[in-house]
Amino acid sequence: MEIRELEKKDSSILIKMLAKDYIEVKTNPNLGVILRLKKPSRKKEAIWAKNLYTDILIGNIIYNIAMENGKIVGICYVEKSDVPDSEISHVGVLGIEVAIQYRSRGIASKLLEHTIKECKGKFDILEVSVFANNEVAKHLYKKFGFRKWGIAPGYVKRNGRYIDLEYMCLKL
């Protein structure tokens with residue numbers, strides 16, 4: 001397995017990986033990924049990928065991927081919580097995901113460790129929101145020093161069911 005920064009050439013592979021979330025959430029409604037109500041069109045996905053790569057180039061986002069056999073099997077990113085030059089531009093919002101068939105193999109830990117190292121000197125605080133019922137994810141974040149700072153009750157509405165989000169942060 002290789003962990004590296006996302007490159008422009010990876011965008012079609014990334015879009016395929018993320019599209020599988022819409023399939024997985026049907027069998028796992030507790031999947032801790034916040035999705036749009038409807039899967040975006042290919043055109044919108046292409047625009048998103050182009051904008052993502054631009055944000056990487058200008059330094060608004062750190063985006064790492066785990067690759068295995070030519071496939072993206074995991075992602076971890078940190079994006080500025082607000083526009084540069086604001087009073088909260090020192091805060092980065094973290095997101096992480098590992099493809100279903102590659103979970104429980106330590107990939108998330110390796111991605112998170114790699115990404116946190118890259119964030120030092122660029123951010124002072126990392127923030128993550130996690131489904132309050134996702135004990136596996138909360139354990140991972142606690143292992144790296146994240147601490148709970150709040151809960152947003154019913155923040156996610158999925159299939160008519162409300163899911164609480166727990167907020168955690170890490171001071172770098």
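The values are calculated or read from the model by the stated rules, or taken from the named source; none is laboratory data. Values in this document were obtained by computation on a predicted structure and should not be read as measured data. Please note: Cβ atoms are built from the backbone with ideal geometry, for glycine as well, and neighbour counts cover all protein chains shown.
Select, from Gly59, Gly70, Gly92, the only residue that is of a type in the set (Gly, Ala, Ser) and closer than 24 Å to Glu166 by Cα. Walk me through how you get there before you give the answer.
Values: Gly59 fails: closer than 24 Å to Glu166 by Cα; Gly70 fails: closer than 24 Å to Glu166 by Cα.
It is Gly92.
Cβ contacts < 8 Å: first residue in contact (Cβ under 8 Å) with a residue 12 or more places away in the chain and assigned to a loop (DSSP other than H, G, I, E, B), restricted to the range 121-138; second residue among the charged types (D, E, K, R) and buried (at least 17 other Cβ atoms within 10 Å of the Cβ), any location; separation 6+ or different chain. Result?
Between residues of the range 121-138 that are in contact (Cβ under 8 Å) with a residue 12 or more places away in the chain and assigned to a loop (DSSP other than H, G, I, E, B) and residues that are among the charged types (D, E, K, R) and buried (at least 17 other Cβ atoms within 10 Å of the Cβ), the close pairs are Ala132/Glu166.
Out of Pro29, Pro40, I need the residue that is surrounded by 13 or more Cβ atoms within 10 Å (Cβ to Cβ) and either over 24 Å from Gly92 (Cβ atoms) or more than 16 Å from the chain's Cα centre (by Cα) (or both). Which one?
Working: Pro29 fails: surrounded by 13 or more Cβ atoms within 10 Å (Cβ to Cβ).
That would be Pro40, the only listed residue that is surrounded by 13 or more Cβ atoms within 10 Å (Cβ to Cβ) and either over 24 Å from Gly92 (Cβ atoms) or more than 16 Å from the chain's Cα centre (by Cα) (or both).
Give the range 7-20 a look and list any residue that's out of contact with any Asp or Glu (no Cβ under 7 Å at 6 or more places or on another chain), closer than 13 Å to Ile75 by Cα and not basic (Lys, Arg), or say none.
Quick first cut of the range 7-20, residues out of contact with any Asp or Glu (no Cβ under 7 Å at 6 or more places or on another chain) only: 7-14, 16-20.
Still in the list and also closer than 13 Å to Ile75 by Cα: 7, 10-11, 13-14, 16-18.
Across the range 7-20, the qualifying residues are Glu7, Asp10, Ser11, Ile13, Leu14, Met17, Leu18.
Of the numbered conditions (1) more than 15 Å from Phe146 (Cβ to Cβ); (2) at pLDDT 95 or above; (3) out of contact with any Lys or Arg (no Cβ under 9 Å at 6 or more places or on another chain); (4) of a type outside the set (S, T, N, Q), Lys43 satisfies every one except a single condition; which is it?
(2)
For the range 104-148, which positions are over 23 Å from Glu5 (Cβ atoms), touching an Asp or Glu at 6+ places or on another chain (Cβ under 8 Å) and not small (Gly, Ala, Ser)?
Answer for the range 104-148, where residues must be over 23 Å from Glu5 (Cβ atoms), touching an Asp or Glu at 6+ places or on another chain (Cβ under 8 Å) and not small (Gly, Ala, Ser): Val130, Phe131, Asn133, Lys138, Lys148.
Within the range 72-91, can you find the residues that are of a type outside the set (Lys, Arg), modelled with pLDDT under 90 and surrounded by 16 or more Cβ atoms within 10 Å (Cβ to Cβ)?
Listed by number, the list holds a single entry, Ser81.
List the pairs whose first member sits in the range 150-167 and is assigned to a loop (DSSP other than H, G, I, E, B) and modelled with pLDDT under 95, whose second member is of a type outside the set (Lys, Arg) and surrounded by 10 or more Cβ atoms within 10 Å (Cβ to Cβ), and whose Cβ atoms are under 7 Å apart, counting only residues at least 6 apart or on separate chains?
Filtered contacts from the range 150-167: Asn159/Pro29.
Could you list, in sequence order, the residues of the range 2-38 that are among the basic types (Lys, Arg) and farther than 16 Å from Lys157 by Cα? Break it down into steps so the answer makes sense when it comes.
From the range 2-38, those among the basic types (Lys, Arg) are 4, 8-9, 16, 20, 26, 36, 38; that's our starting set.
Answer for the range 2-38, where residues must be among the basic types (Lys, Arg) and farther than 16 Å from Lys157 by Cα: Arg4, Lys8, Lys9, Lys16, Lys20.
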